[in-house]
Amino acid sequence: MALVVPGPDFAFIVGSAARGQHLGRAAAFGVVTGLSVHATLAAAGISSLLAATSWGLDVLRVLGVGFLLWAGASTVVATLRGRAGAHVPAGAATTRLAAWRRGLLGNLLNPKSLLFFLALMPQFVDPDRPTLPQVALLSAVTVAAGAAWWGLVSHVADRFSPLLQRPRVRRRVDLTTGVALLGLAGMIAVA
């Protein structure tokens, strides 16, 4: 359920799809790569160590808020300054590699992703059995579910890519995406 709640990952995928077909899929692959990194860190126990420090989650939150502020503000400013859909917002993914990288960074710097593994995963671990195999299996299932969900989101967004590339529609999508990212940054900052 946590995967389907719209957030930065959703905004990056749809925003990338608005730039062209297959960019949404590349952003989704970046998000799933980020989930895989979080899953690996959780299985290795590193996520728990990060959460146990008084500053670990604060650093992640500050980095995440900074990234979302940069992505949102640069998108809004470029959209408002843009010419009839001919603009490309600063930081917008224009290649598959850039879309993948933006999806990856957006997920890695999203505290919600780390907290998902820290808060929900332990509830399903049986303390009487070896922890590593359980966490590894739960992480693999989570990554597979993420791949299925984000694959579906990117597929639908790619299907609408011709519509999303129309200048007026793209401008609205870019502006909405930028404002959403700024709003998410604000919500994470005060959480």
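Where a number appears in this text, it was derived from the coordinates with a stated rule and is not lab data. Keep in mind that what you see is a predicted model, and the values were worked out from it rather than measured. Note that we place each Cβ from the backbone using ideal geometry, even for glycine, and neighbour counts take in every protein chain shown.
A few points about this structure:
- Options Ile46, Leu35, Ala157, ranked by Cα towards positive dipole end of the chain, top entry (Cβ charges): Ala157
- Student exercise, the chain dipole from Lys, Arg, Asp, Glu Cβ charges, in Debye to nearest 20: 1040
- Relative to the current alpha-carbon distance between Asp58 and Ala148, full extension at 0.36 nm per residue lengthens the span by 29.4 nm.
- R0 of 30 Å, Cβ-Cβ distance Met187-Ser74: FRET efficiency to nearest 0.05: 0.95
- 0 to 90° range, to nearest 10: angle between helix 23-44 axis and the chain longest Cα axis: 20
- Expressed as a fraction of 2.2 N^0.38 Å, the C-alpha radius of gyration for the chain is 1.06.
- Where labels lie 7 Å past Cα in the beta-carbon direction, separation of Leu137 and Gln165 in nm: 4.6
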